[in-house]
Amino acid sequence: VQLQASGGGLVQAGGSLRLSCTTSGRTSSKNAMGWFRQPPGKEREFVAAISWSGSSTYYSDSAKGRFTISRDNAKNTVYLQMNSLKLEDMAVYYCAAHPKPVRLAQEKDSYTYWGQGTLVTVSS
């Protein structure tokens, strides 16, 4: 499975961005998907996860209420809508595929496949 993340860019604090993650390869596999981010000089951290069906989602405390994860399996794409962006949201954002269809994992080591990352820059 190959993952391609896109949609990052420069946005002012309070603004919005939508990230996309398109999968290819073994698209017949049913994977839960996650978004992670890595701020400059910090560890990669969990942001949100969604089950294969899209019926279950889970968010970090920092993302809850501002970010929305969704997916369109017909397009093999997972989205992360980010609203009310803050300076502390600035990071490289990565999408990842989990080997289980319903596991909403926060642990990055449990994810099997990773995209290349897309940079989100938030200005004041």
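Looking at the structure I just gave you, is Ser70 in a strand (DSSP E or B), at pLDDT 95 or above and polar (S, T, N, Q)? Spelling it out, Ser70 is indeed in a strand (DSSP E or B), at pLDDT 95 or above and polar (S, T, N, Q).
For first residues located in the range 37-58 and over 15 Å from Ser110 (Cα atoms), partners that are open to solvent by less than 70 Å² (accessible area, probe 1.4 Å) and of a type in the set (Ser, Thr, Tyr) and lie 6+ apart or on another chain with Cβ distances below 6 Å form the pairs Arg37/Tyr93. In the set (1) in contact with a Pro (Cβ under 9 Å, 6 or more places away or on another chain); (2) small (Gly, Ala, Ser); (3) modelled with pLDDT under 95, the condition left unmet by Ser28 is number (1).
So which strands (runs of 3 or more DSSP E) stay within the range 77-124 end to end and still have 2 or more residues that are within 10 Å of the chain's Cα centre (by Cα)? Counting at least 2 such residues, we get 77-82, 91-97.
Condition first: assigned to a loop (DSSP other than H, G, I, E, B) and either free of Cβ contacts under 8 Å to residues at least 24 places away in the same chain or touching a His at 6+ places or on another chain (Cβ under 7 Å) (or both). Now tell me which residues in the range 2-36 satisfy that. Hits for the range 2-36 are Ser28, Asn31, Ala32.
Of the residues Ala48, Ala63, the single one that is in contact with a strand residue (DSSP E or B) (Cβ under 7 Å, 6 or more places away or on another chain) and in a loop (DSSP other than H, G, I, E, B) is Ala63.
Within the range 12-59, being open to solvent by less than 70 Å² (accessible area, probe 1.4 Å) and of a type in the set (Phe, Trp, Tyr) holds for Trp35, Phe36, Phe46, Tyr59.
The values are calculated or read from the model by the stated rules, or taken from the named source; none is laboratory data. Since the structure is predicted, the reported quantities are computational estimates derived from the model, not experimental observations. Here the Cβ is made from the backbone with ideal geometry for all residues, glycine too, and neighbour counts use every protein chain on show. To get the accessible areas, we keep the full protein, side chains included, count just its heavy atoms, and leave off ligands, DNA and RNA. Shrake-Rupley method; radii C 1.70, N 1.55, O 1.52, S 1.80 Å.
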